[in-house]
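The values are calculated or read from the model by the stated rules, or taken from the named source; none is laboratory data. Remember, predicted model here, so these are calculated numbers, not experimental data. Here the Cβ positions follow ideal geometry from the backbone for every residue, glycine too, while neighbour counts run over all protein chains shown.
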Amino acid sequence: CLLTSRLAVELFELVTIQQPFNMSDDAAGQSTEDTAEQDEAQANSQQGGTVAAAIGNAANAASEGIARLTVAGDSEPEEDEEDDDEEDEDPMASLPTYILKRVEKLKDLNAERDTMMEQYLVERAALEQKYLGLCKPFYEERARIVGGEMDDEIDDKGHEKEGDDDDAERASGIPQFWVCAMGHMEPVAELLTEEDVDCLEHLRDIKCLDDLEGTGFTLEFHFSPNDYFENTILTKRYEVPNLLLADEPILKNVVGCKIQWKAGRALTFREVTKKQRGKGKNAGQIRTVKKKERRDSFFHFFDPPKMPSMDSMDEDEADRLEEAFDHDYDVAQAFRSHIIPKAVLWFTGQALEEEMDEILGMAEDQNAPL
């Protein structure tokens, strides 16, 4: 390989120069003649490998740039300045002009593809909106059934089961419909507490409103009047520029909402009364203060993680923040892609069974003998 042999020669010459030694005049003369012959042979071999070597140098320059980024925090100040100078160098500068022209042509092709993909995203966003509109009547009727608005109409059509007691008091709609569906979806179920369940009995509907441009979505949770908070709708908005692409989602922004808890009914915190002993001028005095202590609750979902200052964030904190955002987005996608479209199947547990069967089937396929 031309690149490998040339690198070996350069490394050998570098080591030779850095290691001084003594030799006789005759040996020195012989060494000079040998070196001249080696230089002539090396020049001949390099003539056909100029382009390959140039490409190799460009690749090495890019690799060294990445390595410098990786260890930037471990360098001395003088070395940092040298690295900055090297990083300013264009790794393509060593390529021949005719190769650069071909690279530019590839860039033009890539730009044309990007333009076409922009049109694809416009058309896909319009297609998504079209079918969301077609599905809207189904979701609206589902909300009326769950809320009890169609009880008489459905009963008159003979949907009653045999043995129903007409004299018994009947519940309106389908009680605990949404909280049961949520309880069968693992990322959501692990957030629920017993008190959350009582509150979520008042949840009437869950909607997902996608942006027209396909760059984000908003989740809406509609509640009937209840003893816990004043809000009738709780919202959570996600800005995801690449929502319609198969890439890893890029969260540009996440916005929750403020829950207006009624006195003494907050589920996300409890007020605790504590006694504090005064200090300084108030030494010896005891005062009573009220503090809020966090409680586990699904309703923390509406208060998303906060982005701290990048200057003060260490690696551990960055990892915790990334994990928090990942889990938060998993919960949002559980609603958007699973619970909302197929709510009745999650309510009955059928969707969970189908999901488990699919997982078991994949495991069997992986373990099957070839």
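Remarks
- Some residue of the range 346-360 being in a loop (DSSP other than H, G, I, E, B) and not hydroxyl-bearing (Ser, Thr, Tyr): yes
- Residue ranges of helices (runs of 4 or more DSSP H) in the range 156-253 with at least 3 members modelled with pLDDT of 90 or more and either among the β-branched types (Val, Ile, Thr) or more than 21 Å from Gln350 (Cα to Cα) (or both): 194-200
- Among residues of the range 121-142 being among the aliphatic types (A, V, I, L, M) and over 18 Å from Asp247 (Cα atoms), the one that is surrounded by the fewest Cβ atoms within 10 Å (Cβ to Cβ) is Leu134.
- Considering residues of the range 221-245 that are of a type in the set (D, E, K, R) and crowded, with 16+ Cβ neighbours inside 10 Å only, the residue farthest from Ile145 (Cα to Cα): Glu239
- Residue in the range 298-339 that is farthest from the chain's Cα centre (by Cα), counting only those that are at pLDDT below 85 and surrounded by 13 or more Cβ atoms within 10 Å (Cβ to Cβ): Met313
- Out of Ile154, Ile145, sole residue that is hydrophobic (A, V, I, L, M, F, W, C) and closer than 22 Å to Arg336 by Cα: Ile145
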